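This is the structure I have questions about; it appears just below.
We did not get these values from a lab; they are worked out from the coordinates using the rules stated. In this text, all values refer to a predicted model and were calculated from it rather than measured experimentally. Positions of Cβ are generated from backbone atoms using ideal geometry, with glycine treated the same way; all protein chains shown enter the neighbour counts.
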């Protein structure tokens, strides 16, 4: 076949259109395998973007049948005056910042501790156990958290035994604890999982560096400080910047499931705001405006962070 | 000469102390990780009225399987379990099929549309229209609400997994595809008979993630199938139980006496909720140890290249 084709082209050069068609025909099965998936992605990922036009219309349950009217920036003007929106914005930022700080420090610490373990079996056991909560659903995790933090639960029991508190604390019903509870529960769920990337980075540190440090008289803590930490620096910085790109994502499930009326001022996030206005009150236009605001800020943060990460990669890290 | 052993002894003592402290910290960490899980199991096997008093640790105080009896006497529990299993199995199979198929097509360097489709698909990881536009598409445009297929159709493909699988395929020797092509096999056969079987390790990883994600999902049930009792999943049953107990646990604990006096049932919302938790977490706990070796390699693969 190849020979036949080349003889033909030698006789009479094919027009570029014919060449393209021939190539396309040769790849018909590749297209058969990829174009349906492309169409699927177009429908489920790109078509909804067209729904953003509703952010500029007064769309709700009553206008959706006969067609909504264009109202310009009306939805956004309403949004920026709405107290609940700014409440959600504040809570989203606060909780994602807490998650970022708690999550990063805890997983780096766990990775360092695991890196110092010499018994393989023990290391594997710790890893197996700490990865487990990552695979449990948030519904299960919040249920377990409820068992732990109820007023007569184990957490209050231990704290009272240790004399840290005198009377049981109402963890789930007081707003000022809510952000920190979310932070702690997220650490419990994800610390093992998030440490994987640091553990694998540490495993790739040249062991001769540790030997050299030992010969130079460095103790264990000095080795951690001067070999391990510099070894994970670039991974740490890149992940940190990437996480800054996700600051608008505080998670949705945990706040929605753990929140209740008493702590509403601290549990309501932008996602919950969108859900309450969009699905429960059918104010689609306003909810889409809020969602669009969140997406656009998220994209700007993400690309900004990517940009910074690339610059740092080139200039300071490599 | 005498100075040498002294010098040696000092770091040696440290070498014993640090691993001990480190091991102790990690043991405490494992305990903190496992305690809530075991505590939930203990509460689920405790007598309902007794459990309301609180203070149960790792072992039931008054043993009773009443919560499970209540749970298993309800036809909806079996139904929800069936729906959960069905959605997980079907979603995983279809998702693996379509995702790996695209991964193969986009791994072929000679493919004309490779760059365009890759860009179009990868961009979806960054651009998300948000909850309401997706809801309007599925609920109003496609009218998938109130049907089982709303669990399947929107989750048949995942971009991140596609990249992981594609990286794996690119790592396979090119000669496999070339020699098969010379033998006259077309791309469909090459994919299905040569590449797909060779991808088993990475496909196992990806399948685990897809399956866990599907099994753990409850929000789509709430959005689209909340009114259809026979389409509820286990996670959604649990979510409803959680929502009711979230409101009652905060209303103080004075109801113990009322519960004791009523004395009708021995299972209470708390123990039943814990029993559902155990039932819905059980499949993951069973599968988890076997698949553990797969997901770490897969995670590293995806983390490095993704």
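Between residue B:189 and residue B:227, how high is the FRET efficiency from 1/(1 + (r/R0)^6) when r is the Cβ-Cβ distance and R₀ = 41 Å? Nearest 0.05.
Details: r = 46 Å, r/R0 = 1.13.
Result of the calculation: an efficiency of 0.35.
Would you work out if the range B:156-208 is rounded, prolate or oblate? Take a ≥ b ≥ c from the square roots of the eigenvalues of the alpha-carbon gyration tensor; rounded if a/c is under 1.5, else prolate when a/b is larger than b/c, oblate otherwise. Walk me through the numbers on the way to the answer.
Details: a/c = 2.32, a/b = 2.02, b/c = 1.15.
Note, shape of the range B:156-208 comes out prolate.
Work out, step by step, the length gained on full extension between residue B:148 and residue B:61: first 0.36 nm times the residue separation, then minus their alpha carbon distance; give nm to one decimal. Spell out each step's value before the answer.
Working: separation 87, 0.36 × 87 = 31.32 nm, distance 4.11 nm.
Length gained, residue B:148 through residue B:61: 27.2 nm.
Provide, for q = 0.16, 0.19, 0.24, 0.25 Å⁻¹, the log10 of I(q)/I(0) from a solvent-free Debye sum over equal Cα point scatterers in the range A:15-56.
Per q value, in the given order, log10 I(q)/I(0) is -0.60, -0.67, -0.79, -0.81.
Taking the Cα-to-Cβ direction at residue B:282 and at residue B:34 and moving 7 Å from each Cα, how far apart do the two end points lie in nm?
Going from the residue B:282 label point to the residue B:34 one covers 2.1 nm.
In the P(r) worked out for the protein assembly as shown, what percent of Cα pairs fall beyond 48 Å? Mind dumping the intermediate values first?
Working: 43124 of 194376 pairs.
Everything past 48 Å amounts to 22 percent.
Along Cα→Cβ, 7 Å out, is where each label goes; now give me the distance between the ones at residue B:116 and residue A:53 in nm to one decimal.
Going by the 7 Å Cα→Cβ label model, 2.4 nm.
Taking the square root of 5 times each eigenvalue of the Cα gyration tensor, what semi-axes in Å does the equivalent ellipsoid of the range A:52-153 have, largest first?
Details: eigenvalues 436, 61, 50 Å².
They are 47, 17, 16 Å, listed from largest to smallest.
Could you work out the relative contact order of chain A, using alpha carbon pairs under 8 angstrom and six or more residues apart, expressed as a whole percent? Please report the intermediate quantities before stating the final value.
Details: 309 pairs, mean separation 86.5, N = 318.
Result for chain A is 27 percent.
On to the next question. Which FRET efficiency, nearest 0.05, do residue A:82 and residue B:109 yield, Cβ-Cβ r, R0 60 Å? Can you show the working numbers first?
On the way: r = 52 Å, r/R0 = 0.86.
E between residue A:82 and residue B:109, to the nearest 0.05, is 0.70.
With contacts defined as alpha carbon pairs under 8 Å and 6 or more residues apart, what's the relative contact order of the range A:188-310 in percent? Intermediate values should be presented prior to the final figure.
Numbers: 78 pairs, mean separation 32.7, N = 123.
Computed value for the range A:188-310: 27 percent relative contact order.
Can you bin the range A:109-175 into rounded, prolate or oblate? Criterion: square roots of the alpha carbon gyration tensor eigenvalues sorted a ≥ b ≥ c, rounded for a/c under 1.5, prolate for a/b above b/c, oblate for the rest. Let's see the in-between values first.
Numbers: a/c = 3.29, a/b = 1.75, b/c = 1.88.
Oblate shape, in that a/c is at least 1.5 and b/c is the bigger or equal ratio.
Moving on. Per DSSP H run of n ≥ 4, the term is -39500 (n - 2.57); total these for the protein assembly as shown, divide by its residue number, and report the mean residue ellipticity at 222 nm rounded to 500 deg cm²/dmol.
Working: 30 runs with 425 residues, N = 624.
The per-residue figure over the protein assembly as shown is -22000 deg cm²/dmol.
Further, regarding this structure: Roughly what would the spin-label model give for residue A:281 and residue B:179, points 7 Å off Cα along C-beta, in nm?
For the pair residue A:281/residue B:179, the computed spacing is 6.7 nm.
Okay, next question. What FRET efficiency comes out for residue A:311 versus residue A:66 if R0 is 45 angstrom and r is the Cβ-Cβ distance? Round to the nearest 0.05.
Details: r = 51 Å, r/R0 = 1.14.
Once rounded, the FRET efficiency stands at 0.30.
Let me ask you something else. Quick one: A:109, B:282, fewest Cβ neighbours within 10 Å first, how do they rank? It would help to have the intermediate numbers written out before the result.
Numbers: A:109 15, B:282 11.
So the ranking, lowest neighbour count to highest, is B:282, A:109.
Using the number of other C-beta atoms within 10 angstrom as an exposure proxy, rank A:29, A:198 with the fewest first. Don't skip to the end; give the middle numbers.
Details: A:29 15, A:198 24.
Ordered by Cβ neighbours within 10 Å, fewest first: A:29, A:198.
After finding the eigenvalues of the alpha carbon gyration tensor for the range A:168-293, what semi-axes result from the square roots of 5 times each, listed largest first in whole Å? Mind showing how you got there, number by number?
Details: eigenvalues 377, 73, 19 Å².
Semi-axes (√(5λ), whole Å): 43, 19, 10.
From the P(r) of the range B:110-167, can you give the percent of Cα pairs sitting at distances over 19 Å? Spell out each step's value before the answer.
On the way: 746 of 1653 pairs.
Tail of the P(r) past 19 Å holds 45 percent of the pairs.
Can you tell me what percent of all Cα-Cα pairs in the range B:71-306 are more than 24 Å apart?
Working: 16014 of 27730 pairs.
So the portion of pairs separated by more than 24 Å is 58 percent.
Follow-up. Compute the label zone of residue A:160 within the range A:174-194: residues whose backbone N is under 18 Å from the point 7 Å along Cα-to-Cβ.
A:174
For A:216, B:50, A:152, what ranking results if the residue with the fewest other Cβ atoms within 10 Å of its Cβ goes first? Could the numbers behind the result be given before it?
Numbers: A:216 10, B:50 21, A:152 14.
Arranged by neighbour count, lowest to highest, A:216, B:50, A:152 become A:216, A:152, B:50.
Give me Rg over Rh for the range A:74-317, both radii from the alpha carbons and Rh done the Kirkwood way, two decimal places.
On the way: Rg = 21.5 Å, Rh = 20.6 Å.
Using Cα coordinates only, the ratio equals 1.04.
Normalise the Debye intensity by I(0) for the range A:100-225, one equal point scatterer per Cα, no solvent, then take log10 at q = 0.15, 0.16 Å⁻¹ and round to two decimals.
At q = 0.15, 0.16 Å⁻¹ the computed log10 ratios are -0.85, -0.91.
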